[in-house]
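S.K.: Here's a structure for you.
The values are calculated or read from the model by the stated rules, or taken from the named source; none is laboratory data. Please read all numbers here as calculations on a predicted model, not as lab measurements. No Cβ is skipped: glycine too gets one built from the backbone with ideal geometry, and neighbour counts run over all protein chains shown. Accessible surface is based on the protein model in full, side chains and every heavy atom, while ligands, DNA and RNA are left aside. Shrake-Rupley method; radii C 1.70, N 1.55, O 1.52, S 1.80 Å.
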Amino acid sequence: MESMDDDARLDAVLNEVGPRLRRIRRERGATLGALSEATGISVSTLSRLESGGRRPSLELLLPIARAHQVPLDELVGAPPVGDPRVRSKPIVRGNRTMYPLTSRPGGLQAYKAVYKPAEEPVEQRTHEGYEWLYVLSGRLRLVLGDHDVVLGPGEAAEFDTRVPHWFGAADDKLVEFLSLFGPQGERMHVRARPRRD
């Protein structure tokens with residue numbers, strides 16, 4: 001059913017190309033003969049394109065767009081680009097606020113994170129994926145496996161999230177950082193169990 005809707009939309013777009021080609025040519029005061037000379041496309045092919053008797057193709061539309069000095073989008077009536085702003089709600093969990101910077105599901109996810117200082121135990125966790133952190137302001141403490149490091153503004157870290165990890169504010173000031181993680185990074189965290197000898 002969905003493919004029929006897609007086919008119908010494609011047919012509707014293609015049906016509008018012919019009248020649009022005629023309108024643009026007339027607005028520029030060009031004849032079919034002059035356009036034929038400029039593009040190398042025969043007058044009869046141009047006429048059939050404008051009347052809808054010939055299905056438009058990229059090979060035909062590109063030289064016409066060049067001749068009219070218009071973007072290809074104008075010939076096919078591509079929909080305008082939507083508002084690019086990401087409008088999502090912050091995620092607040094205790095002393096941590098995450099601001100989503102991407103709106104499409106799946107793939108690479110980006111967040112701006114703001115962590116307030118808090119007395120909390122260091123509980124390393126693991127999950128599938130890969131994570132990148134970039135500190136904007138404040139100091140971020142990262143405990144990764146046996147490593148315990150503090151990152152300052154402008155410093156970055158990257159790691160496989162299957163390695164036990166934890167991060168939070170390194171001192172009594174809040175820390176702001178960017179967090180990017182790969183396709184599996186959004187899975188639920190599972191607490192890493194300490195090894196027993």
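S.K.: In region 103-151, what residues are open to solvent by less than 30 Å² (accessible area, probe 1.4 Å) and touching a Ser or Thr at 6+ places or on another chain (Cβ under 9 Å)?
M.R.: Result: 109, 110, 113, 114, 115, 127, 129, 131, 133.
S.K.: Now, a different point. Kindly indicate whether residue 142 is aliphatic (A, V, I, L, M) and modelled with pLDDT of 95 or more.
M.R.: On the way: aliphatic (A, V, I, L, M): yes; modelled with pLDDT of 95 or more: yes.
So residue 142 passes the test.
S.K.: From the set of residues in region 52-102 that are under 27 Å from the mean Cα position of the chain (by Cα) and of a type in the set (Lys, Arg), which is least open to solvent (accessible area, probe 1.4 Å)?
M.R.: 96
S.K.: Given the criteria without any contact (Cβ under 8 Å) to a residue 60 or more places away in the chain and in a helix (DSSP H, G or I), does residue 23 qualify?
M.R.: Values: without any contact (Cβ under 8 Å) to a residue 60 or more places away in the chain: yes; in a helix (DSSP H, G or I): yes.
Here the answer is yes, as residue 23 does meet what is asked.
S.K.: Checking residue 28 against (1) out of contact with any helix residue (DSSP H, G or I) (no Cβ under 9 Å at 6 or more places or on another chain); (2) modelled with pLDDT of 80 or more; (3) over 30 Å from residue 121 (Cβ atoms), only one condition comes out false. Which one?
M.R.: Condition (1) is where residue 28 drops out.
S.K.: Could you list all residues from region 84-124 that are among the β-branched types (Val, Ile, Thr) and under 14 Å from residue 177 (Cα atoms)?
M.R.: Correct list: 97, 114.
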